[in-house]
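*Asks:* Below you'll find the structure I mean.
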Amino acid sequence: MIWPFRRPAPDLATRISITPPAPSTDQAPLALVLIARNEAAHLRDWLAFHAIAGASHIILYDNGSTDNTAEIARGFPALDVTVVPWVLQGAEHKTGMRLHQQSLAYAHAICTFGSGFERMAFIDTDEFLVPQYAQTLPEVLGQLQHPNISLPWAMFGHSGHDTPPKGAVPFAYLNRAKASQGPLLNFKCIVDPCEVTMVNPHRFETRSCGNQTMNTQGEVATNKGRTGSFVSHDGIQLNHYYLMSEQNMRSKISGPDISGAEQEQRKQAILRKRDLIEADPILDTSAVDFLARHGISTTKGLRDRFAD
């Protein structure tokens, strides 16, 4: 089957070249970088999950939130959180080519904060980094001697929810697409920020390895060659809770898109993915199993772990 490929708009620059920072002498193991708008409903659970998973720092680019997203992040007790206001619409002056604000935020994070970290991961609040067998993410990453690690999406669906459930996302959504392929295949990356020379939300380039990247099984490919056996969820699985409830999906369709996609194009892309995810879903308890290894078996247990 030939899958349709959604290319960036021709007037949108999504790849940003940078000069990597020099490493500091006291680097922390792992920071998570995200750009978010009005994510108060899920943010505390997301922060708690990744604190348990071994992240110590969060760099949150607040894209014009009107709820208390920034306050929740700043007040979370178990993580060092930096909130950066980020409402930027820019373009190259002569050509009018727009600059992708997510790529710019990631470039800013690397150049401004990257010297202090061995690794930086670039994900969203509907994405959870799940150690499959280890207790923490740094434990897995310590075995991967490559500056650019690619993780494919594991795409989760509605799990029967018409409206947002009261439970935390890892407990509420347990059904995902069987295969990561076609429109359901994309990657997020964990990188050595002091090696990065090119930034994009889904692919990076590094000084020592160019456009080559590694999966969590040690297999190396180019960014364009991330297919076949390279698509692996072992080691660290990137759970992308793409649809959540039917109500969440409708809000996703009607809401703003940071990529600048047209509304109808965005709607059709979401519905196409919805159909593929829900066609033949499988049970996936990877996030629940991870939390169980840390003695957490309920939403209350997750939320009480870092209670004020």
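The values are calculated or read from the model by the stated rules, or taken from the named source; none is laboratory data. In this text, all values refer to a predicted model and were calculated from it rather than measured experimentally. A quick note on method: Cβ atoms are made from the backbone with ideal geometry, for glycine too, and the neighbour counts reach across all protein chains shown.
*Asks:* Against the definition (touching a residue at least 24 places away in the same chain (Cβ under 8 Å), more than 30 Å from Q181 (Cα to Cα) and of a type in the set (D, E)), how does D45 come out, yes or no?
*Replies:* Working: touching a residue at least 24 places away in the same chain (Cβ under 8 Å): yes; more than 30 Å from Q181 (Cα to Cα): no; of a type in the set (D, E): yes.
Considered against the rule, which asks whether it is touching a residue at least 24 places away in the same chain (Cβ under 8 Å), more than 30 Å from Q181 (Cα to Cα) and of a type in the set (D, E), D45 comes out as no.
*Asks:* Another question about this same structure. Go through (1) of a type in the set (A, V, I, L, M, F, W, C); (2) outside any loop (DSSP other than H, G, I, E, B); (3) out of contact with any helix residue (DSSP H, G or I) (no Cβ under 6 Å at 6 or more places or on another chain) and name the single condition L144 misses.
*Replies:* Of everything listed in (1) of a type in the set (A, V, I, L, M, F, W, C); (2) outside any loop (DSSP other than H, G, I, E, B); (3) out of contact with any helix residue (DSSP H, G or I) (no Cβ under 6 Å at 6 or more places or on another chain), L144 misses just condition (2).
*Asks:* Which residues, counting only those in the stretch 274-302, are part of a helix (DSSP H, G or I), more than 12 Å from Q132 (Cβ to Cβ) and small (G, A, S)?
*Replies:* As a first pass, look at the stretch 274-302 and keep what is part of a helix (DSSP H, G or I): 274-279, 286-293, 299-302.
Going one step further and asking which of them are more than 12 Å from Q132 (Cβ to Cβ), we end up with 274-279, 288, 291-292, 299-302.
Once the filter is applied, which keeps residues that are part of a helix (DSSP H, G or I), more than 12 Å from Q132 (Cβ to Cβ) and small (G, A, S), the stretch 274-302 yields A279, A292, G301.
*Asks:* Within the stretch 209-219, can you find the residues that are touching a residue at least 60 places away in the same chain (Cβ under 8 Å) and part of a strand (DSSP E or B)?
*Replies:* Quick first cut of the stretch 209-219, residues touching a residue at least 60 places away in the same chain (Cβ under 8 Å) only: 209, 212-216, 218.
Listed by number, the residues that qualify are Q212, T213, M214.
*Asks:* When you scan the stretch 144-158, how many residues do you find that are touching a residue at least 60 places away in the same chain (Cβ under 8 Å) and either surrounded by fewer than 20 Cβ atoms within 10 Å (Cβ to Cβ) or aliphatic (A, V, I, L, M) (or both)? Can you show your working first?
*Replies:* Step one: of the stretch 144-158, the residues touching a residue at least 60 places away in the same chain (Cβ under 8 Å) are 144, 146-158.
Filter again for either surrounded by fewer than 20 Cβ atoms within 10 Å (Cβ to Cβ) or aliphatic (A, V, I, L, M) (or both), leaving 144, 149, 151, 154-155.
The number of residues fulfilling the criteria is 5.
*Asks:* To continue, here is another question. Tell me, yes or no, whether the stretch 188-208 has at least one residue that is out of contact with any strand residue (DSSP E or B) (no Cβ under 9 Å at 6 or more places or on another chain), in contact (Cβ under 8 Å) with a residue 24 or more places away in the chain and on the phi > 0 side of the Ramachandran plot.
*Replies:* No, there is no match, as no residue in the stretch 188-208 is out of contact with any strand residue (DSSP E or B) (no Cβ under 9 Å at 6 or more places or on another chain), in contact (Cβ under 8 Å) with a residue 24 or more places away in the chain and on the phi > 0 side of the Ramachandran plot.
*Asks:* What single numbered condition from (1) surrounded by 12 or more Cβ atoms within 10 Å (Cβ to Cβ); (2) under 18 Å from P201 (Cα atoms); (3) without any contact (Cβ under 8 Å) to a residue 24 or more places away in the chain; (4) of a type outside the set (S, T, Y) fails to hold for Q89?
*Replies:* Failing condition for Q89: (1).
*Asks:* If you don't mind, another one. Quick one: would you say S208 is of a type in the set (S, T, N, Q), closer than 23 Å to T197 by Cα and surrounded by fewer than 13 Cβ atoms within 10 Å (Cβ to Cβ)? Give the steps one after another, and end with the answer.
*Replies:* On the way: of a type in the set (S, T, N, Q): yes; closer than 23 Å to T197 by Cα: yes; surrounded by fewer than 13 Cβ atoms within 10 Å (Cβ to Cβ): yes.
Considered against the rule, which asks whether it is of a type in the set (S, T, N, Q), closer than 23 Å to T197 by Cα and surrounded by fewer than 13 Cβ atoms within 10 Å (Cβ to Cβ), S208 comes out as yes.
Here is a yes/no grid of residues against (1) buried (at least 21 other Cβ atoms within 10 Å of the Cβ); (2) not hydrophobic (A, V, I, L, M, F, W, C):
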{"site": "V169", "(1), (2)": "yes, no"}
{"site": "Y173", "(1), (2)": "yes, yes"}
{"site": "K178", "(1), (2)": "no, yes"}
{"site": "Q181", "(1), (2)": "no, yes"}
{"site": "D192", "(1), (2)": "yes, yes"}
{"site": "R203", "(1), (2)": "yes, yes"}
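*Asks:* Quick test of your reading of the structure: A269 fulfils all but one of (1) modelled with pLDDT under 95; (2) among the small types (G, A, S); (3) farther than 22 Å from H100 by Cβ; (4) assigned to a helix (DSSP H, G or I). Name the failing condition by number.
*Replies:* Unmet condition: (3).
*Asks:* Also, quick follow-up: Having 3 or more residues that are out of contact with any Gly (no Cβ under 6 Å at 6 or more places or on another chain) is the bar; report the helices (runs of 4 or more DSSP H) wholly within the stretch 45-141 that clear it. It would help to see each step written out before you state the result.
*Replies:* Working: elements: 69-75, 101-113, 137-141.
Per the criteria, 69-75, 101-113.
*Asks:* Are any residues in the stretch 92-132 free of Cβ contacts under 8 Å to residues at least 12 places away in the same chain and either under 26 Å from M155 (Cα atoms) or of a type in the set (D, E, K, R) (or both), and if so, which ones?
*Replies:* K94, the sole residue that qualifies.
*Asks:* Quick one: in the stretch 28-44, of everything that is assigned to a loop (DSSP other than H, G, I, E, B) and of a type in the set (D, E, K, R), which residue is farthest from P201 (Cα to Cα)?
*Replies:* Within the stretch 28-44, the subset assigned to a loop (DSSP other than H, G, I, E, B) is 37-39.
Right, trim to of a type in the set (D, E, K, R) and you get 37, 39.
Values: R37: 16, E39: 19 Å.
It comes out as E39.
*Asks:* Name the single residue that is farthest from P165 (Cα to Cα) among those in the stretch 220-257 being assigned to a helix (DSSP H, G or I) and hydroxyl-bearing (S, T, Y).
*Replies:* To start, the set of residues in the stretch 220-257 that are assigned to a helix (DSSP H, G or I) comprises 223-225, 228-230, 246-254.
When the remaining residues are screened for being hydroxyl-bearing (S, T, Y), the result is 229, 251, 254.
Values: S229: 35, S251: 15, S254: 20 Å.
Checking each candidate, the answer is S229.
*Asks:* Another question, if that's okay. Could you grab the pairs with beta carbons closer than 6 Å, sequence gap of 6+ or different chains, first residue in the stretch 62-84 and free of Cβ contacts under 8 Å to residues at least 40 places away in the same chain and at positive phi, second one part of a loop (DSSP other than H, G, I, E, B) and of a type in the set (A, V, I, L, M, F, W, C)?
*Replies:* Short answer, once both residue conditions are applied: G64/V87.
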